[in-house]
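Participant: Okay, handing you the structure first.
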Amino acid sequence: MNDQNFTTTFTVDQTPEEAFAAINNVRGWWSGEIEGSTDKLGDEFTYRYEDVHCSKQKITELIPGRRVGWLVLDSQLNFVNDRSEWDSTKITFEIAKKGDKTEVRFTHVGLVPDYECYGACSNAWGSYINGSLRSLITAGKAEPNQKEERKKEKKASL
């Protein structure tokens, strides 16, 4: 079952330390409202996106330039029947030097195809990790709410 956990990987030219710093700048790449500190071992933070998703994470691993780990303490996913599907799942970011590149491997341990939210959640994670986080690492900025911004621009132009 471990090989069914959602995972995605990308490589960048930046250093492992730069990737580590960007990962811990959660507000910089994950959309929604984030309450609490996201960069110290033992910290807990809450992520909320409209009335669709709310989850509380605890930082369980912080190894500079190598690894970040979160434990999902509580979740409220309002778009699936079992709204607590993320409870007790783990989110990991593994960072490794690969030649002159840095590899970032994201895994949501416990987010498996049997879960109702797998399709929507894996799609969203893919966008945040391969799009927003990667952009934050490579360009120093990200647009986690890109789709929302385009919607607002369209409404404003009408």
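Participant: Quick one: D82 ticks every box in (1) touching a helix residue (DSSP H, G or I) at 6+ places or on another chain (Cβ under 8 Å); (2) at pLDDT below 95 except a single one, so which number is it?
Facilitator: (1)
Participant: Here's a follow-up. I'm trying to understand the selection: among the residues of segment 22-52, which are more than 13 Å from the chain's Cα centre (by Cα) and free of Cβ contacts under 8 Å to residues at least 12 places away in the same chain?
Facilitator: G36, S37 - these are the residues of segment 22-52 that are more than 13 Å from the chain's Cα centre (by Cα) and free of Cβ contacts under 8 Å to residues at least 12 places away in the same chain.
Participant: Collect the residues in segment 54-105 that are touching a Lys or Arg at 6+ places or on another chain (Cβ under 9 Å) and on the phi > 0 side of the Ramachandran plot, keeping them in residue-number order. It would help to see each step written out before you state the result.
Facilitator: From segment 54-105, those touching a Lys or Arg at 6+ places or on another chain (Cβ under 9 Å) are 54-55, 59-62, 65, 69-77, 92-96, 103-104; that's our starting set.
Within segment 54-105, G65 is the sole residue that qualifies.
Participant: Please note which strands (runs of 3 or more DSSP E) are completely contained in segment 23-134 and include at least 2 residues that are of a type outside the set (S, T, N, Q), closer than 24 Å to Q4 by Cα and open to solvent by 10 Å² or more (accessible area, probe 1.4 Å). Show your work before the answer.
Facilitator: Details: elements: 33-35, 44-49, 53-63, 67-77, 90-98, 101-109.
The qualifying strands (runs of 3 or more DSSP E) are 53-63, 67-77, 90-98, 101-109.
Participant: Still on this structure, please answer the following. Taking K141, is it closer than 26 Å to Q14 by Cα, part of a loop (DSSP other than H, G, I, E, B) and either touching a residue at least 60 places away in the same chain (Cβ under 8 Å) or in contact with a Phe, Trp or Tyr (Cβ under 8 Å, 6 or more places away or on another chain) (or both)?
Facilitator: yes
Participant: Could you tell me which of the residues F20, F10 is closer than 17 Å to V104 by Cβ and in a helix (DSSP H, G or I)?
Facilitator: It is F20.
The values are calculated or read from the model by the stated rules, or taken from the named source; none is laboratory data. Quantities reported herein were computed from a predicted structural model and do not represent experimental measurements. Using ideal geometry, Cβ is built from the backbone for each residue, glycine included, and neighbour counts are taken over all protein chains shown. Calculation scope for accessible area: heavy atoms of the full protein, side chains included, ligands and nucleic acids excluded. Shrake-Rupley method; radii C 1.70, N 1.55, O 1.52, S 1.80 Å.
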